[in-house]
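Colleague: A single structure is presented below for examination.
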Amino acid sequence: MTHPVLCTQRLILRPLVAEDAEALTTLIDDYEVAKWLTVVPHPYTHADAEWFIADQAKNEGHVWAITRDETLMGVIGDVRELGYWLGRPYWGHGYMKEAARAVTTHWYDTHASDPLISGHFLGNAGSRSVLQSLGFTDTHIEPAHSKAQDKEVQLQRMRLTRAAWEAKHG
């Protein structure tokens, strides 16, 4: 399977490549980014980035670098569930909503009627706003371990059905 490149008005979502390791390390080593994610350690090293990029080759077609003008801004994927992060310099410009909409469109173009699952740590208003803009609704709250925070946190689970997606974005 060829990894699809997804294009939006401002962004190109493309496969991660080895050359992304330096920018990825710089962006996600920011504790204000890492603390909202489950599996990302803090500090985040260049070796972590190299491993992550190599590991994503197994998820061909399901993990994308979020770029604008060839600059890496974050990562988004739909492996098992919708997950994403954006470097702090890019917060507040609608980039994640734009990227998430492209990936969700791709999901429903390629996955029959399967619901799409996601979630956010309680207190992460930005991530909640992204998910709600797509039509995700709350299902339940569960404990999750945040590697960066090294503690259990509360994770609001959410889901998006094809019917809800089509009603909102038809």
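The values are calculated or read from the model by the stated rules, or taken from the named source; none is laboratory data. Model, not experiment: these values are computed from the prediction. Here the Cβ is made from the backbone with ideal geometry for all residues, glycine too, and neighbour counts use every protein chain on show.
Colleague: Could you list, in sequence order, the residues of the stretch 54-66 that are polar (S, T, N, Q) and over 17 Å from His106 (Cα atoms)?
Modeller: To start, the set of residues in the stretch 54-66 that are polar (S, T, N, Q) comprises 56, 59.
Listed by number, the list holds a single entry, Gln56.
Colleague: Give the stretch 134-160 a look and list any residue that's among the polar types (S, T, N, Q) and surrounded by fewer than 16 Cβ atoms within 10 Å (Cβ to Cβ), or say none. Before the answer, list the steps.
Modeller: Keep residues of the stretch 134-160 that are among the polar types (S, T, N, Q), which gives 137, 139, 146, 149, 154, 156.
Across the stretch 134-160, the qualifying residues are Thr137, Thr139, Gln154.
Colleague: Could you list, in sequence order, the residues of the stretch 32-45 that are exposed (fewer than 14 other Cβ atoms within 10 Å of the Cβ), in contact (Cβ under 8 Å) with a residue 24 or more places away in the chain and out of contact with any helix residue (DSSP H, G or I) (no Cβ under 7 Å at 6 or more places or on another chain)?
Modeller: Initially, the stretch 32-45 is screened for residues exposed (fewer than 14 other Cβ atoms within 10 Å of the Cβ), giving 32, 39, 43, 45.
Narrowing further to those that are in contact (Cβ under 8 Å) with a residue 24 or more places away in the chain: 32, 39.
The answer is Val39, and nothing else.
Colleague: Cβ contacts < 9 Å: first residue modelled with pLDDT of 95 or more, restricted to the stretch 135-152; second residue part of a loop (DSSP other than H, G, I, E, B) and small (Gly, Ala, Ser), any location; separation 6+ or different chain. Result?
Modeller: none
Here is a yes/no grid of residues against (1) at pLDDT 95 or above; (2) more than 11 Å from the chain's Cα centre (by Cα); (3) among the aliphatic types (A, V, I, L, M); (4) assigned to a helix (DSSP H, G or I):
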| site | (1), (2), (3), (4) |
| --- | --- |
| Glu19 | yes, yes, no, yes |
| Ala23 | yes, yes, yes, yes |
| Gln56 | no, yes, no, yes |
| Gly61 | no, yes, no, no |
| Ile76 | yes, no, yes, no |
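Colleague: Now, a different point. Quick test for you: out of Ile53, Ile66, pick the one residue that is surrounded by 18 or more Cβ atoms within 10 Å (Cβ to Cβ), among the aliphatic types (A, V, I, L, M) and in contact with a strand residue (DSSP E or B) (Cβ under 8 Å, 6 or more places away or on another chain). Break it down into steps so the answer makes sense when it comes.
Modeller: Numbers: Ile53 fails: in contact with a strand residue (DSSP E or B) (Cβ under 8 Å, 6 or more places away or on another chain).
Ile66 is the lone residue from the list that is surrounded by 18 or more Cβ atoms within 10 Å (Cβ to Cβ), among the aliphatic types (A, V, I, L, M) and in contact with a strand residue (DSSP E or B) (Cβ under 8 Å, 6 or more places away or on another chain).
Colleague: Being within 12 Å of the chain's Cα centre (by Cα) and outside any helix (DSSP H, G or I) is the filter; apply it to the stretch 118-137 and report the residue that is nearest to Gly170 (Cα to Cα). Spell out how you get there, then give the answer.
Modeller: Filtering the stretch 118-137 down to residues within 12 Å of the chain's Cα centre (by Cα) leaves 118-120, 127, 130-131.
Filter once more, keeping what is outside any helix (DSSP H, G or I): 118-120.
Numbers: Ser118: 21, Gly119: 23, His120: 25 Å.
Across the stretch 118-137, the extreme among qualifying residues is Ser118.
Colleague: Yes or no: Gly83 of a type outside the set (A, V, I, L, M), closer than 19 Å to Ala144 by Cα, modelled with pLDDT of 95 or more and surrounded by 16 or more Cβ atoms within 10 Å (Cβ to Cβ)? Can you show your working first?
Modeller: Working: of a type outside the set (A, V, I, L, M): yes; closer than 19 Å to Ala144 by Cα: yes; modelled with pLDDT of 95 or more: yes; surrounded by 16 or more Cβ atoms within 10 Å (Cβ to Cβ): yes.
It is true that Gly83 is of a type outside the set (A, V, I, L, M), closer than 19 Å to Ala144 by Cα, modelled with pLDDT of 95 or more and surrounded by 16 or more Cβ atoms within 10 Å (Cβ to Cβ).
Colleague: Filter the stretch 25-39 down to the residues that are part of a loop (DSSP other than H, G, I, E, B), farther than 19 Å from Tyr95 by Cβ and not polar (S, T, N, Q) and list them by number.
Modeller: Pass one, the stretch 25-39, residues part of a loop (DSSP other than H, G, I, E, B): 29-30, 35-39.
Next cut, farther than 19 Å from Tyr95 by Cβ only: 29, 35, 38-39.
If the condition is that a residue be part of a loop (DSSP other than H, G, I, E, B), farther than 19 Å from Tyr95 by Cβ and not polar (S, T, N, Q), then Asp29, Lys35, Val39 are the ones that fit.
Colleague: Restricting attention to the stretch 84-117, report how many residues are in a strand (DSSP E or B) and in contact with a Gly (Cβ under 7 Å, 6 or more places away or on another chain). If you could, list the steps in order and put the result at the bottom.
Modeller: Here is the first cut: in the stretch 84-117, the ones in a strand (DSSP E or B) are 84-86, 116-117.
The next check asks that each one be in contact with a Gly (Cβ under 7 Å, 6 or more places away or on another chain); those that pass are 84-86.
Of the residues in that region, 3 qualify.
Colleague: Moving on to the next point. Residues of the stretch 147-170 being polar (S, T, N, Q), over 17 Å from Glu81 (Cα atoms) and touching a helix residue (DSSP H, G or I) at 6+ places or on another chain (Cβ under 9 Å), which ones? Reasoning before the result, please.
Modeller: If we filter the stretch 147-170 for residues that are polar (S, T, N, Q), which is where we start, we get 149, 154, 156, 161.
Subsequent filtering for residues that are over 17 Å from Glu81 (Cα atoms) retains 149, 154.
Gln149 - this is the single residue of the stretch 147-170 that is polar (S, T, N, Q), over 17 Å from Glu81 (Cα atoms) and touching a helix residue (DSSP H, G or I) at 6+ places or on another chain (Cβ under 9 Å).
Colleague: Can you pull out the residues in the stretch 115-130 that are farther than 15 Å from Leu37 by Cα and free of Cβ contacts under 8 Å to residues at least 40 places away in the same chain?
Modeller: Ser129 - this is the single residue of the stretch 115-130 that is farther than 15 Å from Leu37 by Cα and free of Cβ contacts under 8 Å to residues at least 40 places away in the same chain.
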